Amino acid sequence: MTDNISIIGSNKSKNAVEKSMNIIFFVCGLAAVVCVICMTVYMIISGWPAIAKIGVFRFLFGQVWSPENSEFGIFPMILASFIATFSAIFLALPVGVLVAVFLAKLTPKRVSAPFRTLIDLLAGIPSVVYGLLGAILIVPLIFKLQTAAGLPQGGSLLAAVIILVIMILPTIISVSETAIRAVPKQYEDASLALGSTKLQSIFRATVPAAKSGIVAGMVLGVGRAIGEAMAVMMVAGNAAIMPEFLKPVRLLTASIPIEWAYSSGLHREALYGIGLVLFIFIMIINISLNTVLKKGGELRG
Amino acid sequence: MVDVLANNRKITDKKNRPFEKIFYSAIFIVAGLVLAMVIYFIAVILIRGLPAVTWSFLTTAPNPIKKTIGIFPSIVNTLYIIVFTLIICVPIGVGGAIYLNEYAKNKKFVRVIEFATETLSGIPSILYGVFGYVVFCLMFGLKVSLLAGIFTLTIMVLPIMIRTSQEALRSVPKSYREGALGMGATKWYMVRTILLPSSLGGILTGIILSIGRMVSESAALLLVAGGSAMYMPKGSILDQLSGSGSTLSVELYRYAYSRGDNQTAFGIAAVLIIIVILLNLLTRYIAERLNKK
């Protein structure tokens, strides 16, 4: 307060400060945009050479990944990533929406508040811890199924799916809950007044009205599942073969940390190439998320 | 009196709906299972992990001769990464939020920045690892080091910082700004003396969320900061930052996956879970205090 007591003050220095602060904040605001542009540019610069050398078709649709023999086909991994992601969403979405309905509509605050705290905690658990839990608790559960099917015991696609379900549940629950809570109470009231029961009102009036928010949660879940590396790597067994639920699989993301340390030359470049493929998938998901949100108004979890 | 209802029911009677009952119980069972799972996981981690967490586990480096294991070096690495990332990221994030909320006039440009932050928050950490390696380790010549990790994580937590600060700024009533500006304050003076102090709680929440993200981070740091944490930290801070080193999460991965030492891995997991729980409690406490105000 002491620096500018005069009512006129020194306008010149004041203006200079104002101007420079304006510029500084502008630069800060620009930082995120610059980062996105840089990432796009460098993912392409580093990822494209390998894809060009190997051949786009042979890289994306080749069925053999064997760096020792210079075979770089990532089709099994793409397939494994897609199957894992969509099975996880398929399982997590109904569970997530039911829990969201439970939290938003069926419980008093004194039950839902601590419940939500625990869900938040689930979201905060590091992915390596999920990997450890998966390797110790979930992988052995599947051993019996594997023996029954006459397969060797070990990590599997099924274990990866289960871990992904657990990891994306918090996202789906919290986004869906926000969306359900944002639906005006009148919808439910009107439905009740017309004679429907509470459950009918919730599932025929409120949940459909929250659809765009729930879809947004689903897309966020897809993004999180397809990008998860460490946890799935610790439970999936990591064999780059065509995916089957009880056999070990390698997901797109996991190839990068697994082979990073000992890769060089074209092998390392191929890993950058995998990065680029993943980046393109993620950008598609981001853009569709943006359209979903725009369509359904502003809703964010 | 004539009974209008054929089957002797009153109008207030409830129809028996078996499907509803089943559905209700299904919801409660699913919710109960999810709850049980969370509690089970946390219990498993703490029960299997806590016995490994001793004073020497937390305060020493691994000693292959005495065959003791300690995680002190990775604790130090984690702290370095948190502190220096925040030093770079908080001003940029808060500044960006101030620009978006207070200065920007072009709506289209605001949309572009918001789209960029959303994109950043959707990019998985393994890709930050690849990008950070190519740009910071190779192009900037930082090699695989904590410093490269710090720069990579700065970009990674930037969206969290921007979003939470923006929300905090939005919650400051418009009348505060009008009051200050009406009394003749310049915009920067208003931001500095009115906006920042009143949105401090929200910014603090953003900082804690960022710390949570950094503590959990493993995939990106494995690629750009790599290394292991075998020795007690020595030398100047700059020396340490320009060398490689693993944080707690990366170390957990190494013990569990590369070395197959689940006992130590669970010990680190217990430490991580306790940190996560404390951070969660802290955000809750701040939120409650803000609501009271």
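The values are calculated or read from the model by the stated rules, or taken from the named source; none is laboratory data. Since this is a predicted model, take the numbers as computed values, not measurements. Counting neighbours? That spans all protein chains shown, and the Cβs are built from the backbone with ideal geometry, glycine included.
Details
Residues are listed down the side, and each one gets a yes or a no for (1) farther than 24 Å from B:VAL130 by Cβ; (2) at pLDDT 95 or above:
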position	(1), (2)
A:LYS14	yes, no
A:MET21	yes, no
A:ALA31	no, no
A:VAL41	no, yes
A:SER46	no, no
A:PRO49	no, no
A:LYS53	no, no
A:GLY73	no, no
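- Test: residue in the stretch B:102-116 that is in a helix (DSSP H, G or I), touching a residue at least 24 places away in the same chain (Cβ under 8 Å), at the interface with chain A (Cβ under 7 Å from one of its Cβ atoms) and in contact with a Phe, Trp or Tyr (Cβ under 7 Å, 6 or more places away or on another chain): yes
- Qualifying position, being surrounded by 21 or more Cβ atoms within 10 Å (Cβ to Cβ), within 14 Å of chain A (Cβ to nearest Cβ) and either modelled with pLDDT of 90 or more or more than 30 Å from B:LYS67 (Cα to Cα) (or both), among B:LEU181, B:LEU222, B:LEU196, B:LEU147: B:LEU222
- Residue match in the stretch B:271-286 (condition: farther than 24 Å from B:LEU153 by Cβ, assigned by TED's automatic domain parsing to the domain that holds B:ILE203 and part of a helix (DSSP H, G or I)): yes
- Tally, over the stretch B:12-27, of residues that are assigned to a loop (DSSP other than H, G, I, E, B) and either surrounded by 12 or more Cβ atoms within 10 Å (Cβ to Cβ) or at positive phi (or both): 1
- Residue match in the stretch B:64-80 (condition: more than 11 Å from every other protein chain (Cβ to nearest Cβ), surrounded by fewer than 17 Cβ atoms within 10 Å (Cβ to Cβ), touching a helix residue (DSSP H, G or I) at 6+ places or on another chain (Cβ under 7 Å) and more than 28 Å from A:GLY227 (Cα to Cα)): yes
- Enumeration of residues in the stretch A:255-288 that are over 23 Å from B:TYR253 (Cβ atoms) and among the charged types (D, E, K, R): A:GLU269
- A single entry from A:SER46, A:SER81 fulfils the requirement of being within 8 Å of another protein chain (Cβ to nearest Cβ), under 25 Å from A:ASN238 (Cα atoms) and surrounded by 21 or more Cβ atoms within 10 Å (Cβ to Cβ): A:SER46.
- Among (1) at the interface with another protein chain (Cβ under 9 Å from one of its Cβ atoms); (2) β-branched (Val, Ile, Thr); (3) touching a helix residue (DSSP H, G or I) at 6+ places or on another chain (Cβ under 6 Å), the one test that B:ILE39 misses: (3)
- Looking only at residues in the stretch B:52-63 that are more than 22 Å from B:LEU238 (Cα to Cα), touching a residue at least 40 places away in the same chain (Cβ under 8 Å) and away from chain A (no Cβ under 14 Å), the one that is surrounded by the most Cβ atoms within 10 Å (Cβ to Cβ) is B:PRO62.
- Test set (1) small (Gly, Ala, Ser); (2) touching a Pro at 6+ places or on another chain (Cβ under 7 Å); (3) farther than 29 Å from A:LEU158 by Cα - A:ALA80 fails condition number: (3)
- Residue within the stretch A:142-155 that is within 13 Å of another protein chain (Cβ to nearest Cβ), touching a residue at least 12 places away in the same chain (Cβ under 8 Å) and crowded, with 21+ Cβ neighbours inside 10 Å present: yes
- Looking across A:GLY221, A:GLY217, A:GLY213, one residue alone is under 21 Å from B:MET156 (Cα atoms) and more than 12 Å from every other protein chain (Cβ to nearest Cβ). It is A:GLY217.
- Residue in the stretch A:208-215 that is within 26 Å of A:VAL56 (Cα to Cα), in contact (Cβ under 8 Å) with a residue 60 or more places away in the chain and not acidic (Asp, Glu) present: no
- In the stretch A:53-72, the count of residues that are within 14 Å of chain B (Cβ to nearest Cβ) and either buried (at least 20 other Cβ atoms within 10 Å of the Cβ) or touching a Leu at 6+ places or on another chain (Cβ under 8 Å) (or both) is zero.
- Among the residues of the stretch A:103-116, just one is at the interface with chain B (Cβ under 7 Å from one of its Cβ atoms) and closer than 14 Å to A:PRO170 by Cα, namely A:PHE115.
- Checking B:TYR128, B:TYR176 one by one, the residue that is in a helix (DSSP H, G or I), among the aromatic types (Phe, Trp, Tyr) and without any contact (Cβ under 8 Å) to a residue 40 or more places away in the chain is B:TYR176 and no other.
- Single residue of B:ILE81, B:ILE29, B:ILE87 found to be outside the structural domain of B:SER210 (by TED's automatic domain parsing) and of a type in the set (A, V, I, L, M): B:ILE29
- The number of residues in the stretch B:83-123 being under 18 Å from the mean Cα position of the chain (by Cα) and of a type in the set (S, T, N, Q) comes to 4.
- The number of residues in the stretch A:271-286 that are under 20 Å from A:GLY62 (Cα atoms) and touching an Asp or Glu at 6+ places or on another chain (Cβ under 9 Å) comes to 1.
- Scanning the stretch B:138-171 for residues that are over 24 Å from the mean Cα position of the chain (by Cα) and not small (Gly, Ala, Ser) yields B:LEU138, B:MET139, B:PHE140, B:LEU142, B:LYS143.
- Just one of (1) over 23 Å from the mean Cα position of the chain (by Cα); (2) surrounded by 21 or more Cβ atoms within 10 Å (Cβ to Cβ) fails for A:HIS267. It is (2).
- Enumeration of residues in the stretch A:156-165 that are surrounded by 24 or more Cβ atoms within 10 Å (Cβ to Cβ) and closer than 16 Å to A:ILE125 by Cα: A:ILE163, A:LEU164
- Within the stretch A:9-28, residues that are more than 9 Å from every other protein chain (Cβ to nearest Cβ) reach partners that are polar (S, T, N, Q) with beta carbons closer than 8 Å, at six or more positions or on different chains, in the pairs A:SER10/A:ASN4.
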